[in-house]
Amino acid sequence: REAMNKEIMAEATRYHEIKIIISDGQQDNSKQVADVENFIVQEVDLLIISPNEAQPLTQVVEKAYDKGIPVIVLDRKVLTEKFTVFIGADNIKIGKAAGEYAANILNGKGKVLEIWGLKGSTPAMERNKGFIQGIVIHPGIEIIYEQDGAWLRRKGREIMENALQRFDKIDLVYAHNDPMASGAYIAAKNVNRFKNTYFIGIDGLPGAEGGVQAVLNGELNATFLYPTGGKEAIKIAKDILSGKKAPKTITLETVTIDRSNASKYK
């Protein structure tokens, strides 16, 4: 979310007529609902929202939309068509690419630990579904353990610590984002069980704490770019506020990032 907000603010500086007010839901559904209610009361001209979870945010998004506020839904979906435009990458496609990559480096056989993002969020559900599609033709690949890591590095580490106690062999860790994958790597490294395990994540963010650097550091074998969509959100917001018609869905493209190309995405 921090990277998304930075991209939104950076792009917004190009348009003096746009004023951005950011509120952080802090991964709390009720706070995010309250924040949106507050924006409705303030009669904002346009709402950009990245829902923490789909179902709890659906009703308040519908309320904003019904009051005539254009709504850009970013990254995570809601369970309604009452929004103006959805911007996001295809998480099923990304998950499938991760599954196919895993199948390739495992040569079609291995024991996998899957660390979910927040299970009530659409990206987590879709990243799981896509991964299953990517490995389904390889019956030798088995998901032996899966847990909800809520997108958090420390949770990824804790889940891996538990898995390492339960299983003698973990061939690959598939985490729904890079921080959880890095957390799992740290747990394995702490007990010297990282050399025979592959670690893959999703997001491919640049910067010292991002997944690209983790690939360059040799912690992750691969990550899959999930563009934040912040820049696209501001561009579409300007179009909408200018009276132009926006497409219902804008799909952002992914890239597989491994040691062969990671330096390009730093």
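Some observations on this one:
- Diffusion coefficient (Stokes-Einstein, Kirkwood radius over C-alpha pairs, 4 °C, 1.567 mPa s) for segment 133-218: 98 µm²/s, rounded to a whole number.
- Surface accessible to a 1.4 Å probe, per residue, for the residues of the chain, Å²: 49
- Sparse-neighbour loop sites [GluC sites (Glu not before Pro); segment 15-85; at most 13 other C-beta within 10 Å; DSSP]: 17, 43, 81
- Residue 254 accessible area, assembled protein chains, probe 1.4 Å, Å²: 40
- Calculated [222 nm] ellipticity per residue, helices only, for the chain: -13000 deg cm²/dmol; basis is -39500 (n - 2.57) per DSSP H run with n ≥ 4, divided by all residues, nearest 500.
- Cleavage-rule hits, trypsin sites (Lys or Arg not before Pro), segment 18-113, DSSP coil, Cβ neighbours within 10 Å at most 11: 19, 67
- The chain, accessible surface, carbon-and-sulfur percent (1.4 angstrom probe): 47
- Between the alpha-carbon centres of segment 10-68 and segment 199-266 there is a gap of 22 Å.
- By accessible area with a 1.4 Å probe, ligands and nucleic acids excluded, highest first: order of 185, 174: 185, 174
- Full extension of the chain between residue 193 and residue 241 gives 11.9 nm of extra length, using 0.36 nm per residue less the Cα-Cα distance.
The values are calculated or read from the model by the stated rules, or taken from the named source; none is laboratory data. Because the structure is a prediction, the values reported are computed rather than measured. When we count neighbours, we look across all protein chains shown, and the Cβ atoms used for this are built from the backbone with ideal geometry, even at glycine. With ligands, DNA and RNA removed, areas are computed over all heavy atoms of the protein, side chains included. Shrake-Rupley method; radii C 1.70, N 1.55, O 1.52, S 1.80 Å.
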